[in-house]
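Worksheet for the structure shown next.
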Amino acid sequence: MSGEKRLLEALLATTRLIAANHPLQEVVHRLAEELNQLLSADRCSVLILDEENHQLAFHDSSALSQWERENIRFRLGEGVAGWVAQNREPVLIEDVTKDPRFKQHDGQMRQMVSMICVPLEMHRRLIGVLTLTTGRPDHIFVQEELELVVLIAAHISLALESHRLYELSVLDGLTNIYNRRYLDQRLSQELADSRRHEKPLTVALLDLDSFKKLNDTYGHQAGDQVLCELTGLISKELRQHDVLARYGGEEFALILAGTSGTDGLHLAERLRALVASRDFFYKNQKLPVTISLGLATYPEDGEDKMDLLRTADKALYRAKELGRNRVVSSSQGE
């Protein structure tokens, strides 16, 4: 297959991935693999700009070590990647050892010879950079390959920007977890999957106890901090495919696909105990923070999402009645 035909097929596949709303990691990784094959590169990396810290960090890369992924950062203007990000210009380097912009990190053992680095931007907004490197002295990138990478970079930028806009529409502005809109969409999808494969699904509604009193006593900034800290704490305890969403105010929802009522109870109790044992502070003041949870499980507690949410809400109300800081399942809530 000719190089031009491979390129066209890669671009067509990428366009389909973006249009189908496939996960961003999948789109970018697929593109990185295509570029590696097209250019016979040793490594293709996508670095994303952290706008708050003004640093570039790896988002996806082929043949990247764990140390490199966790430790390598480039400030704007630092290294080749930082220079490209700052100047918004693509570069082709035949020998990195002869380029003063190149920076080798102490823990980086991989040999690099030639490099292509291009900016990723959309509507004049810098998203990050794309880099390709070779490790053999007999493999030097050429101008035609740089032009090809610039073309591919435009598609990667589109995928990244599309994902960013999608996230803005489904993420809660304060806690940065999913919002009610996404919860409704995802719960419908997960229920359909549970019906098709005859798998259980548990929904949990989680509420901060006496949150109005906390706000009235310590202020709304303290309340906002608690919400953010709480969601961060809970997110770390969940599996990758579990969903945590803001249901409204101080109330949150969990979608636990493939989870039975018994397993859901165990998880909910673990979360309750974790929060109860955690010390929350605001301006050196210790805050009283506990949570209550109500659970419902498909199929025994309902066949559709409204039934499950209604049943979980009743269980949560029962948990509040029983004194807060507790977990109640649907059967206990009756």
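Find the residue count for segment 122-140, including only residues that are surrounded by 14 or more Cβ atoms within 10 Å (Cβ to Cβ), free of Cβ contacts under 8 Å to residues at least 40 places away in the same chain and part of a loop (DSSP other than H, G, I, E, B).
Selection size over segment 122-140: 0.
Which count do you get for residues in segment 141-167 that are in contact (Cβ under 8 Å) with a residue 12 or more places away in the chain, among the small types (Gly, Ala, Ser) and farther than 23 Å from Asp95 by Cα?
So the answer is 3.
Which condition from (1) surrounded by 14 or more Cβ atoms within 10 Å (Cβ to Cβ); (2) in a loop (DSSP other than H, G, I, E, B) is the one that His155 breaks?
The failed condition is (2).
Take segment 305-328 and flag every residue that is among the aliphatic types (A, V, I, L, M) and assigned to a loop (DSSP other than H, G, I, E, B). Walk me through it before giving the result.
The first filter runs over segment 305-328 and keeps only residues among the aliphatic types (A, V, I, L, M), leaving 306, 308-309, 312, 315-316, 319, 322, 327-328.
The one that is among the aliphatic types (A, V, I, L, M) and assigned to a loop (DSSP other than H, G, I, E, B): Leu322.
For segment 221-264, name all the residues that are part of a loop (DSSP other than H, G, I, E, B) and crowded, with 20+ Cβ neighbours inside 10 Å. Break it down stepwise before answering.
Filtering segment 221-264 down to residues part of a loop (DSSP other than H, G, I, E, B) leaves 236-242, 249-250, 258-260.
Glu250, Thr259 - these are the residues of segment 221-264 that are part of a loop (DSSP other than H, G, I, E, B) and crowded, with 20+ Cβ neighbours inside 10 Å.
Pull up segment 87-108, narrow it to residues that are at pLDDT 90 or above and in a loop (DSSP other than H, G, I, E, B), then point me to the one that is nearest to Phe74 (Cα to Cα).
Arg101
The values are calculated or read from the model by the stated rules, or taken from the named source; none is laboratory data. Bear in mind that the values here come from a model prediction, so they are computed numbers and not experimental data. Don't worry about glycine lacking a Cβ; one is built from the backbone with ideal geometry, like all the others, and counts go over all protein chains shown.
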